[in-house]
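S.K.: Input: one structure, supplied below.
The values are calculated or read from the model by the stated rules, or taken from the named source; none is laboratory data. Values in this document were obtained by computation on a predicted structure and should not be read as measured data. When we count neighbours, we look across all protein chains shown, and the Cβ atoms used for this are built from the backbone with ideal geometry, even at glycine. We work out accessible area using only protein heavy atoms, side chains counted, and drop any ligands, DNA or RNA first. Shrake-Rupley method; radii C 1.70, N 1.55, O 1.52, S 1.80 Å.
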Amino acid sequence: MDDGSRLQPVQVNNAEGRSPFVLVCDHASNRIPPEYGDLGLTPSERVSHVAWDPGALGVALGLSERLDAPLVYSTVSRLIIDANRDHDRPDLIPALSERTVIPGNAHVEPLERAHRIVAFHNPFHEAITALLDRRAAEGRETILVTVHSFTPVYMDVPRPWPIGLIHGVDPTYTAALRVALLMEDGGLNVGWNEPYAALNGVTYTLEHHGDGRGLASTMIEIRNDEILEPSGVDLWSARLARCLIAARGTMAAAPVLPPSHQGQPSGGTNG
């Protein structure tokens, strides 16, 4: 039986998908490679949002199928290394997440930090780069979409948005997606730069691969109580597939201005 130690740190699904969308799920897995034991965490902590983004991979897989889109996702827990952080970020290997202490990360030596970057972080971003390079060489349109989830409550503060949208340097596509979501449901509480914003330092993948190439891009955050069951995953993947396509059409017809409310960081760096 495979104990998971031979699992590659990154998985690419449907690499030849015909969609203009490329999907990325940074925090898809709560897997801790065997050499790290349990990092000193309880079983309940290892399945909580501390270790990954519950439901996010399910939505990303649903989108990949509905859109015929490539999907790149990490197969290791953000507690081993956070694929959505730059190499020099203090929370690249977190020792504390909200109120949860990560004992196994309390004293990570520089050599171990460098090892985790080479073994887990770099392969993930190299896979995204290779996919985007190939599409660029083929002259294919690409819209980068990163998929995440967030907790309903952070530090005792409720988060009212079932979905939040975060943009990088260029907000155009994200604004068009917001409009598309509201066209489907005018009462939907769509967070704008909520529950995180770029200034929280949680948009590394979006900035590095989207802004860095001048691609239309967006970061989607879904409150995880919306997508813990298959019915919720199906609902959101179907809704987002429709709205991502509609936003592309709207943006092509006429750029959509972002809302005047730019959003303020509501705390937390688990995006």
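S.K.: For the stretch 24-46, give me the residue count where each residue is free of Cβ contacts under 8 Å to residues at least 60 places away in the same chain, part of a loop (DSSP other than H, G, I, E, B), buried (at least 16 other Cβ atoms within 10 Å of the Cβ) and out of contact with any strand residue (DSSP E or B) (no Cβ under 8 Å at 6 or more places or on another chain). Before you say what the answer is, go through the steps one by one.
M.R.: Our first condition is that a residue be free of Cβ contacts under 8 Å to residues at least 60 places away in the same chain; within the stretch 24-46, this holds for 28-35, 42-46.
Checking which are part of a loop (DSSP other than H, G, I, E, B) leaves us with 28-33, 42.
Okay, now just the ones that are also buried (at least 16 other Cβ atoms within 10 Å of the Cβ), so 28-33.
Now restrict to residues that are out of contact with any strand residue (DSSP E or B) (no Cβ under 8 Å at 6 or more places or on another chain): 30-33.
So the count comes out to 4.
S.K.: Do you know which of the residues in the stretch 194-210 that are open to solvent by less than 10 Å² (accessible area, probe 1.4 Å) and among the polar types (S, T, N, Q) is farthest from residue 221 (Cα to Cα)? Quick ask: steps written out before the conclusion?
M.R.: Here is the first cut: in the stretch 194-210, the ones open to solvent by less than 10 Å² (accessible area, probe 1.4 Å) are 195-197, 202-203, 205-206, 209-210.
After this cut, where a residue has to be among the polar types (S, T, N, Q) as well, the list is 203, 205.
On the way: 203: 12, 205: 14 Å.
Within the stretch 194-210, the match that is farthest from residue 221 (Cα to Cα) is 205.
S.K.: For the stretch 48-66, enumerate the residues that are out of contact with any strand residue (DSSP E or B) (no Cβ under 7 Å at 6 or more places or on another chain) and under 20 Å from residue 93 (Cβ atoms).
M.R.: 48, 49, 51, 52, listed by residue number.
S.K.: Sticking with this structure for a sec: Name the single residue that is nearest to residue 204 (Cα to Cα) among those in the stretch 129-138 being of a type outside the set (A, V, I, L, M) and open to solvent by less than 70 Å² (accessible area, probe 1.4 Å).
M.R.: From the stretch 129-138, those of a type outside the set (A, V, I, L, M) are 129, 133-135, 138; that's our starting set.
Those left that are additionally open to solvent by less than 70 Å² (accessible area, probe 1.4 Å): 129, 135.
Values: 129: 13, 135: 21 Å.
Looking at residues that are of a type outside the set (A, V, I, L, M) and open to solvent by less than 70 Å² (accessible area, probe 1.4 Å), I get 129.
Residues are listed down the side, and each one gets a yes or a no for (1) more than 14 Å from the chain's Cα centre (by Cα); (2) touching a residue at least 24 places away in the same chain (Cβ under 8 Å); (3) closer than 30 Å to residue 17 by Cα:
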residue: 72; (1), (2), (3): no, yes, yes
residue: 75; (1), (2), (3): no, yes, yes
residue: 90; (1), (2), (3): yes, no, no
residue: 113; (1), (2), (3): yes, no, no
residue: 132; (1), (2), (3): yes, yes, yes
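S.K.: Looking for whichever is over 20 Å from residue 59 (Cα atoms) and modelled with pLDDT of 95 or more here; the options are 183, 219. Which one fits? Don't jump to the end; show me each part of the working.
M.R.: Details: 219 fails: over 20 Å from residue 59 (Cα atoms).
Testing whether each residue is over 20 Å from residue 59 (Cα atoms) and modelled with pLDDT of 95 or more leaves just 183.
S.K.: Going residue by residue through the stretch 108-118, is there one that turns out to be part of a loop (DSSP other than H, G, I, E, B) and open to solvent by 70 Å² or more (accessible area, probe 1.4 Å)? Break it down into steps so the answer makes sense when it comes.
M.R.: Residues of the stretch 108-118 part of a loop (DSSP other than H, G, I, E, B): 108-109.
In the following step, the residues that additionally are open to solvent by 70 Å² or more (accessible area, probe 1.4 Å) were identified as 109.
Yes.
S.K.: Criterion first (within 19 Å of residue 27 (Cα to Cα) and of a type in the set (Val, Ile, Thr)) does residue 233 satisfy it? Steps first, answer last, please.
M.R.: Working: within 19 Å of residue 27 (Cα to Cα): yes; of a type in the set (Val, Ile, Thr): yes.
Taking the combined requirement at face value, the residue satisfies it.
S.K.: Still on this model: Can you tell me which residues in the stretch 155-183 are surrounded by 13 or more Cβ atoms within 10 Å (Cβ to Cβ) and either part of a helix (DSSP H, G or I) or at positive phi (or both)?
M.R.: Once the filter is applied, which keeps residues that are surrounded by 13 or more Cβ atoms within 10 Å (Cβ to Cβ) and either part of a helix (DSSP H, G or I) or at positive phi (or both), the stretch 155-183 yields 172, 173, 174, 175, 176, 177, 178, 179, 180, 181, 182, 183.
S.K.: Considering only the stretch 92-104, state which residues are in contact (Cβ under 8 Å) with a residue 40 or more places away in the chain and part of a helix (DSSP H, G or I).
M.R.: Answer for the stretch 92-104, where residues must be in contact (Cβ under 8 Å) with a residue 40 or more places away in the chain and part of a helix (DSSP H, G or I): 103, 104.
S.K.: Here's another thing I want to ask about it. Over 24 Å from residue 140 (Cα atoms), in a helix (DSSP H, G or I), modelled with pLDDT of 95 or more and open to solvent by less than 20 Å² (accessible area, probe 1.4 Å), is that true of residue 191?
M.R.: Values: over 24 Å from residue 140 (Cα atoms): yes; in a helix (DSSP H, G or I): no; modelled with pLDDT of 95 or more: yes; open to solvent by less than 20 Å² (accessible area, probe 1.4 Å): yes.
Spelling it out, it is not the case that residue 191 is over 24 Å from residue 140 (Cα atoms), in a helix (DSSP H, G or I), modelled with pLDDT of 95 or more and open to solvent by less than 20 Å² (accessible area, probe 1.4 Å).
S.K.: When you check residue 17 against the structure, is it farther than 26 Å from residue 223 by Cβ, open to solvent by less than 40 Å² (accessible area, probe 1.4 Å) and either out of contact with any strand residue (DSSP E or B) (no Cβ under 6 Å at 6 or more places or on another chain) or at pLDDT below 95 (or both), yes or no? Write out each step before concluding.
M.R.: Working: farther than 26 Å from residue 223 by Cβ: yes; open to solvent by less than 40 Å² (accessible area, probe 1.4 Å): yes; either out of contact with any strand residue (DSSP E or B) (no Cβ under 6 Å at 6 or more places or on another chain) or at pLDDT below 95 (or both): yes.
Taking the combined requirement at face value, the residue satisfies it.
S.K.: Further question: Only one of (1) open to solvent by 20 Å² or more (accessible area, probe 1.4 Å); (2) within 20 Å of the chain's Cα centre (by Cα) is not met by residue 101, so which one is it?
M.R.: Result: residue 101 passes all but (2).
S.K.: Which numbered condition in (1) crowded, with 22+ Cβ neighbours inside 10 Å; (2) touching an Asp or Glu at 6+ places or on another chain (Cβ under 8 Å); (3) touching a residue at least 60 places away in the same chain (Cβ under 8 Å) is the only one that residue 145 fails?
M.R.: If we test residue 145 against (1) crowded, with 22+ Cβ neighbours inside 10 Å; (2) touching an Asp or Glu at 6+ places or on another chain (Cβ under 8 Å); (3) touching a residue at least 60 places away in the same chain (Cβ under 8 Å), just (2) comes out false.
S.K.: Next question, about the same structure. Only one residue in 206, 144 is under 22 Å from residue 81 (Cβ atoms) and in a helix (DSSP H, G or I). Which one? If you could, list the steps in order and put the result at the bottom.
M.R.: Numbers: 144 fails: in a helix (DSSP H, G or I).
The conditions single out 206.
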